[in-house]
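Before any comments, here is the structure.
The values are calculated or read from the model by the stated rules, or taken from the named source; none is laboratory data. Computed from a predicted structure; not experimentally measured. Methodologically, a virtual Cβ is constructed for each residue, glycine included, from the backbone with ideal geometry; neighbour enumeration extends over all protein chains shown.
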Amino acid sequence: MAAVLSGFAVVWMIIAVGYVLGRIKVLGPEARVVLSRVAFFVASPCLLFLTISESPIREVLGPQFAVAALSAFTMLGLFFLFGRFFLRGRSGADLVIGGMSASLVNAANLGFPIAAYVLGDISLAAPIVMFQLALYAPIYVGLLDQLTAGKRSTSRVRPRASVEVLRRLGQTLGNPMIIGCALGLIFSWQNWRLPEQIHESVELLAGASIPLMLLAFGLSLVGSHPLDKASGRRRDVLIAVSIKLVLHPLLAYVIAAFVFRMDGLMLLAAVVMASLPTAQNVLVAAVRYGTGETIARDTVLVTTILGIPSMVAVALFLA
């Protein structure tokens with residue numbers, strides 16, 4: 001328990017530094033965006049590559065991957081079910097954003113730090129990052145593309161289906177996180193290693209990932225006001241938050257403990273990863289497709305505020 005609390009204390013202190021920097025505006029108005037982009041496009045892909053390439057491939061694509069996939073898709077379907085009975089009048093795209101808010105975890109921004117400082121093994125975050133980038137992302141992007149195609153179309157001339165499929169595939173494969181994952185899997189599979197000088201350079205860049213992500217996370221907490229009644233989406237947010245912070249880790253525990261017979265650190269990792277707050281990627285997708293922005297923004301913020309205390313409770317219970 002002391003190790004768990006110590007790990008969370010390290011994470012919170014760096015987040016607090018980011019929040020203070022945001023409050024006093026010492027880094028300027030674009031600091032959060034710049035830090036996030038450096039982490040996303042440079043540091044995190046390097047971290048993913050090193051983490052996966054130095055792990056046996058069966059660990060990355062093993063039971064942790066399966067627990068992440070089964071629990072996430074179940075939560076997505078559960079939000080659709082709740083939406084049908086309690087959120088009448090919502091568009092299909094709104095329900096997809098809500099389902100993503102209830103099931104997509106902040107594996108990049110918080111998963112790596114939590115795995116490093118709380119679980120003691122950064123590779124434990126790799127399976128869920130791999131699942132979300134390589135499997136989940138193409139699915140929800142495809143759904144949103146189809147559901148908002150008419151809304152976003154500004155021309156009567158639409159590209160051929162084959163061209164559109166290739167364009168979407170190119171966007172997915174061009175994601176730096178996916179590139180880092182894919183290269184890591186290849187190196188792990190073939191047992192390859194980078195030349196020493198290149199490895200040290202990549203390692204230095206990877207070392208910047210966690211501090212950058214936590215600082216950007218702290219900056220994002222400044223000036224947010226969730227659950228505004230005037231938005232008309234308070235019920236959507238409360239349902240998504242309840243599913244994300246209660247049902248998602250509970251189902252992950254059931255699947256990990258009773259289906260895959262996990263125990264000890266592996267069980268703790270599966271449940272803690274499922275307890276992570278909603279990913280900021282949901283808000284990025286909502287803005288990109290012009291739908292569900294309020295649901296995404298408020299769910300990200302509320303789960304972010306409540307997520308770490310929730311993970312502390314989970315960690316202490318399972319510890």
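Values for this structure:
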| quantity | calculated |
| --- | --- |
| Leading residue by the ranking (modelled with the highest pLDDT) among those in segment 122-177 that are part of a loop (DSSP other than H, G, I, E, B), surrounded by fewer than 12 Cβ atoms within 10 Å (Cβ to Cβ) and of a type outside the set (V, I, T) | G174 |
| Residues located in segment 258-277, provided they are under 13 Å from V314 (Cβ atoms) and surrounded by fewer than 21 Cβ atoms within 10 Å (Cβ to Cβ) | L267 |
| In segment 292-307, the residues that are over 12 Å from the mean Cα position of the chain (by Cα), among the hydroxyl-bearing types (S, T, Y) and either under 17 Å from G223 (Cβ atoms) or surrounded by fewer than 24 Cβ atoms within 10 Å (Cβ to Cβ) (or both) | T294 |
| Tabulated pairs, segment 33-46, first free of Cβ contacts under 8 Å to residues at least 24 places away in the same chain, second surrounded by fewer than 16 Cβ atoms within 10 Å (Cβ to Cβ) and not acidic (D, E), C-beta under 9 angstrom, 6+ apart or interchain | V34/L27; V34/G28 |
| Those residues of segment 91-121 which are part of a loop (DSSP other than H, G, I, E, B) and touching a strand residue (DSSP E or B) at 6+ places or on another chain (Cβ under 7 Å), in sequence order | L104, N106 |
| Every residue from segment 179-192 that is in contact (Cβ under 8 Å) with a residue 24 or more places away in the chain and not hydrophobic (A, V, I, L, M, F, W, C) | G180, G184, S188 |
| Options A257, A206, A279: the member that is more than 16 Å from the chain's Cα centre (by Cα) and touching a residue at least 12 places away in the same chain (Cβ under 8 Å) | A206 |
| Matching residues in segment 18-44 - criterion: being within 17 Å of I305 (Cβ to Cβ) and at pLDDT 90 or above | G18, Y19, V20, G22, R23 |
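Here is a yes/no grid of residues against (1) buried (at least 23 other Cβ atoms within 10 Å of the Cβ); (2) within 20 Å of V254 (Cα to Cα); (3) out of contact with any Asp or Glu (no Cβ under 7 Å at 6 or more places or on another chain):
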| residue | (1), (2), (3) |
| --- | --- |
| A31 | no, no, yes |
| R58 | no, no, yes |
| P63 | no, yes, yes |
| F86 | no, no, yes |
| S101 | yes, no, yes |
| A107 | yes, no, yes |
